[in-house]
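Contents: one structure, followed by commentary.
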Amino acid sequence: MDTSGAETPSIAYKVFTFEESKNARQESLCVSIPEVLDPQYGMYVWPSAVVLAQYLWTHREQLRDATVLELGAGVSLPGVVASRCGAKVILSDSTRNPLCLENCRRSCEVNGLHDVDVLGLTWGEISPDLVLLPKLDVILGSDVFYEPQDFEDVIVTVAFLLRKNPRAQFWTTYQQRSADWSMEALLHRWNMNCVEVRLETFAADKAELAGSSLPGSHSIDMMIITLKSGEDEQRHII
Ligand SMILES: C[S@@+](CC[C@H](N)C(=O)[O-])C[C@H]1O[C@@H](n2cnc3c(N)ncnc32)[C@H](O)[C@@H]1O
C-alpha cells in the first residue's frame, strides 16, 4: 500500500520511430514517451507534437550543438527528439503545473537524457528563470496556441526571448480549432514576422507519422516566428 499520500500515476509508453533515407543510408531514431492516463493537457502527446518532432528530425543537422528551449512541453516529444538529435535542450512548462514538470523529467529519464534541464516557465511572466536562460538558437512550442485568452501571454514570452536572442527562431505547430483565430494583430503588435511551413516540405502531410496513429485526422499547421529586422520595419514604413 502506498502510504506516502501521493498517488502513483498510471503510465503508458508510446513509441515513435522517425526514419529517413539520406545519402543512400537509412537513418532512424526511436523515442519512447511516457503518457499519464489522465485527460488533462500536458499529460499525453498532442497531435501537433508529432508534426513538430518530424520537423526537428528532418532538420536534425541544424540542431546539432544548438541550444533549444521548449515551452509548454508537457510530455516533451519535440524536446526529447531535439536532444537525441544533439541539441542542448531546456524543457519548460507552467510553474503552476508541477505534474507537467514531472512529465518532462520522466520523458528524459525514459530516454536516458541526463543533461536536459527542466524549468517552470509560465507564459507572460518575466521570471528570474526566464531572464537567466542561456543564449538560445531555437524555441519550440507544440500546441501552445489552444486557448485564445493565452495567445498574448505566449507571444509576450516569445517576444522577450527573441529580443534577447535576435537570431533565434520560434518553431511552432498548432491545431486548427476555429476559423476565427488569428495571430496577425498580435504578431504585428509585438514586432514579429511569421512564415508558414507547409507540412509536405518535411513529409508531415500524413495521418500517421513516426509509426504512430498521430496526427490522425487533425488539421495541424506549422509557423516559424522571428523578430522583425530593421530592414523589415523600413520596408513597412515605405
Ligand atoms: C495542449 S498541451 C501541449 C503539450 C505538448 N506541447 C504537446 O504538444 O504534446 C499545452 C501545454 O501547455 C502548458 N501550459 C498551459 N498553460 C501554460 C502557461 N500559462 N504557461 C506555461 N505552460 C502552460 C500545459 O501545462 C501543457 O503542457
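Read-outs: derived from the displayed coordinates by stated rules, not from any lab. Computed from a predicted model, the values in this text were never measured in an experiment. All Cβ positions, glycine included, derive from the backbone under ideal geometry; neighbour counts span all protein chains shown.
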**OP:** Name the single residue, out of those in segment 158-178 being in a strand (DSSP E or B) and not hydrophobic (A, V, I, L, M, F, W, C), that is farthest from the ligand (Cβ to nearest atom).
**Re:** Gln169
**OP:** Report, ordered by the first and then the second residue, all pairs with beta carbons closer than 8 Å, sequence separation of six or more or different chains, a first member in segment 25-44 that is at positive phi, and a second member that is charged (D, E, K, R) and near the ligand (Cβ under 9 Å from one of its atoms).
**Re:** Gly42/Asp93
**OP:** Would you mind telling me which numbered condition in (1) in a loop (DSSP other than H, G, I, E, B); (2) of a type in the set (D, E, K, R); (3) closer than 28 Å to Ser217 by Cβ; (4) within 8 Å of the ligand (Cβ to nearest atom) Asp38 fails?
**Re:** (4)
Original post:
In segment 91-115, which residues are surrounded by 24 or more Cβ atoms within 10 Å (Cβ to Cβ) and either touching a residue at least 40 places away in the same chain (Cβ under 8 Å) or more than 25 Å from Met222 (Cα to Cα) (or both)?
Top reply: Asp93, Cys100, Asn103, Ser107
**OP:** Output the residue which, of all residues in segment 65-83 that are touching a Phe, Trp or Tyr at 6+ places or on another chain (Cβ under 9 Å) and within 10 Å of the ligand (Cβ to nearest atom), is nearest to Leu140 (Cα to Cα).
**Re:** Leu71
